[in-house]
Each structure stands twice: as C-alpha cells, then as structure tokens.
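Trainee: Following this message is one structure expressed as structure tokens.
The values are calculated or read from the model by the stated rules, or taken from the named source; none is laboratory data. What you are looking at is a predicted structure, and each value in this text was computed from that prediction instead of being measured. Glycine also receives a Cβ, built like all others from the backbone with ideal geometry; neighbour counts cover every protein chain displayed.
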C-alpha cells in the first residue's frame with residue numbers, strides 16, 4: 001500500500017481469538033502447606049501438573065496478562081487537527097496515562113495542584129478527565145504545570161472531588177462518521193461517535209482441560225478475574241466468571257475432561273483499564289488415593305489490534 005503519515009485503525013473486532021495456557025509454562029500452582037504436585041509428561045505433547053495421591057485441596061492459577069491489552073486510540077483524521085475541546089486528532093492513546101489523586105480537591109476557578117501517586121507520562125497542555133462517571137462530578141480540564149513526580153496542576157475544577165479519584169489523559173472525541181457495519185436503525189447513523197472503537201481483547205469463554213485419575217475429586221470450582229491495581233490502594237477485582245462449579249465434572253475417567261464455561265454477556269467487554277491483570281483460578285480437592293492432571297486452559301473471544 002502507499003505510504004501514510006497516519007495510522008490505520010479497524011473499528012470492528014475479529015471474533016476468532018484463541019489463547020492457550022498450558023502446564024507448566026503458563027500455569028502455576030498456588031502452594032499451600034498440605035499440597036504437593038509435579039510436572040508430568042503424560043504422553044508426547046501432553047504435559048500437566050499432577051497432584052499427589054493424597055486427599056488435598058489444590059489451587060492452580062493461569063495468567064492471561066502476558067497478552068497485549070490496549071486502551072484504544074484517538075482518531076487520526078488528518079483534516080481535523082487542532083480542535084481545542086478534543087485535543088485534536090492527535091492519534092494518542094485513550095485514557096492513558098492514568099493515576100490516582102490522593103487528596104480531595106476543588107472546586108476552584110483558578111489553578112489547582114493535585115497530589116497524585118505519579119505524574120509519569122502526563123504533560124503540560126494535556127487534556128484530562130477528572131474522576132469517574134459514577135461520582136456524578138466527572139469533568140474535563142487540562143494540565144498547566146507538573147511541579148513534581150507526585151503533583152499535577154490543572155487549570156480549574158468546577159466540582160469538589162473526594163480522594164481517592166482517578167485522572168486520565170486523552171478523552172475520545174471525533175469528527176468522523178458513525179462506526180460499525182450497516183444497516184443502522186432510524187437516525188442512529190447520524191448519532192455522533194462518543195467512545196473509541198474497542199481495542200485489545202474481549203474474553204468470551206474459558207475451557208478447562210484436566211484429567212481425574214482413579215478416584216473422584218470434590219468441590220471443583222473455576223473462575224476468571226480482571227484485577228486493576230493502584231499503589232497503596234486496595235485493588236479492584238472484577239469476576240468475569242464467578243468462582244463456582246461452572247459445569248466441572250468430578251468422576252474419574254480414562255481421558256481428560258474439556259469443559260467450556262461462557263463469560264456472561266454482562267461481564268464481556270474489551271479490557272482497556274491500565275494496570276489490570278487477568279487470571280484463571282482452578283480449585284479442587286483430590287480423592288484419598290487418586291490424582292489429577294491439570295493440563296491447561298483455553299480462552300476464546302474477540303481481538304482488535306489494528
């Protein structure tokens with residue numbers, strides 16, 4: 001294709017995402033005092049964590065966060081540079097950077113210096129969003145100075161904000177047409193686009209692969225989590241799949257189980273928040289003389305890296 005100074009972006013995601021987490025490389029055992037297991041070769045191309053032949057409770061975790069997550073990007077319309085309210089079509093990452101304000105602030109019609117956990121990656125002149133939608137006082141302002149690594153000065157604050165609250169850069173606005181594939185209903189095709197096209201990955205299902213050998217297991221549960229971390233603040237844990245039996249089987253059999261668990265539609269969505277770690281957790285208790293092979297997890301869903 002011809003050379004361009006801009007970047008190319010795809011509004012619509014692809015639906016054929018497959019993520020395989022295998023033992024032992026992508027899965028770890030959460031060690032408790034009474035637990036033992038070892039990495040085992042079942043056969044060529046089949047490897048597992050094999051539990052000991054004793055009655056013990058086990059926890060295994062698989063990390064999903066080695067994959068590429070994205071926050072989304074501002075539009076790159078070269079004919080729309082310079083919009084003051086939007087910050088221009090600068091092709092910057094939406095909602096990045098982000099930090100927490102650690103002291104209450106505002107309102108003020110003049111400059112306000114905010115005490116933050118970190119001012120890294122913010123810059124003077126940057127347009128930012130202050131606080132959350134749920135707070136009822138979310139607002140838009142811009143940075144006038146960065147006095148230190150833990151302070152940011154903004155032009156003004158129309159509302160009072162109670163610590164801790166987030167600030168993030170690069171609100172999304174666009175002069176472009178409505179995104180998505182037609183047909184559009186009614187006048188919706190004329191509705192302005194207010195959010196960035198989804199980027200990164202959207203997890204929609206989890207498949208658990210494991211073998212129960214000789215003796216049945218009890219209380220098997222599996223869950224899928226997205227956890228957002230902040231410095232010196234309790235993390236925000238979102239259960240994409242609630243920890244529960246979720247169709248896991250307990251009986252011993254010759255060949256492995258492959259149990260697929262859907263992510264509820266209400267919990268689906270592209271993961272765009274910064275400092276978020278996604279994990280799978282599998283728990284069970286082995287029988288008195290049996291063992292279990294924890295072989296792997298496979299996740300499916302959508303992705304948009306363009």
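Trainee: Hey, among the residues in segment 47-66 that are modelled with pLDDT of 70 or more and part of a loop (DSSP other than H, G, I, E, B), which one's nearest to the chain's Cα centre (by Cα)?
Mentor: Of everything passing the filter in segment 47-66, 64 is nearest to the chain's Cα centre (by Cα).
Trainee: Condition first: surrounded by 19 or more Cβ atoms within 10 Å (Cβ to Cβ) and under 19 Å from residue 109 (Cα atoms). Now tell me which residues in segment 142-171 satisfy that.
Mentor: 143, 152, 154, 157, 161, 167
Trainee: Moving on to the next point. Out of curiosity, is residue 280 under 30 Å from residue 117 (Cβ atoms), at pLDDT 90 or above and either assigned by TED's automatic domain parsing to the domain that holds residue 205 or assigned to a loop (DSSP other than H, G, I, E, B) (or both)?
Mentor: Criteria met by residue 280.
Trainee: Output the number of the condition that residue 21 fails; it satisfies all remaining conditions of (1) modelled with pLDDT of 75 or more; (2) within 28 Å of residue 305 (Cα to Cα); (3) surrounded by 15 or more Cβ atoms within 10 Å (Cβ to Cβ).
Mentor: Failed condition: (1).
Trainee: Being at pLDDT 80 or above and not in a strand (DSSP E or B), is that true of even one residue in segment 208-215?
Mentor: yes
Trainee: Taking segment 67-89, which residues are at pLDDT 65 or above and buried (at least 17 other Cβ atoms within 10 Å of the Cβ)?
Mentor: Residues satisfying the conditions are 69, 70, 71, 72, 73, 74, 75, 76.
Trainee: Further, regarding this structure: Within segment 290-301, does at least one residue satisfy the condition of being assigned to a loop (DSSP other than H, G, I, E, B) and more than 26 Å from residue 66 (Cα to Cα)?
Mentor: yes
Trainee: Right, another one. For segment 243-257, what are the residues that are loosely packed, with under 14 Cβ neighbours inside 10 Å and assigned to a strand (DSSP E or B)?
Mentor: Matches in segment 243-257: 244 only.
Trainee: Okay, next question. Suppose the filter is in contact with a strand residue (DSSP E or B) (Cβ under 8 Å, 6 or more places away or on another chain), farther than 13 Å from residue 114 by Cα and modelled with pLDDT of 85 or more; does residue 196 pass it? Please lay out each step first, then the result.
Mentor: Working: in contact with a strand residue (DSSP E or B) (Cβ under 8 Å, 6 or more places away or on another chain): yes; farther than 13 Å from residue 114 by Cα: yes; modelled with pLDDT of 85 or more: no.
Considered against the rule, which asks whether it is in contact with a strand residue (DSSP E or B) (Cβ under 8 Å, 6 or more places away or on another chain), farther than 13 Å from residue 114 by Cα and modelled with pLDDT of 85 or more, residue 196 comes out as no.
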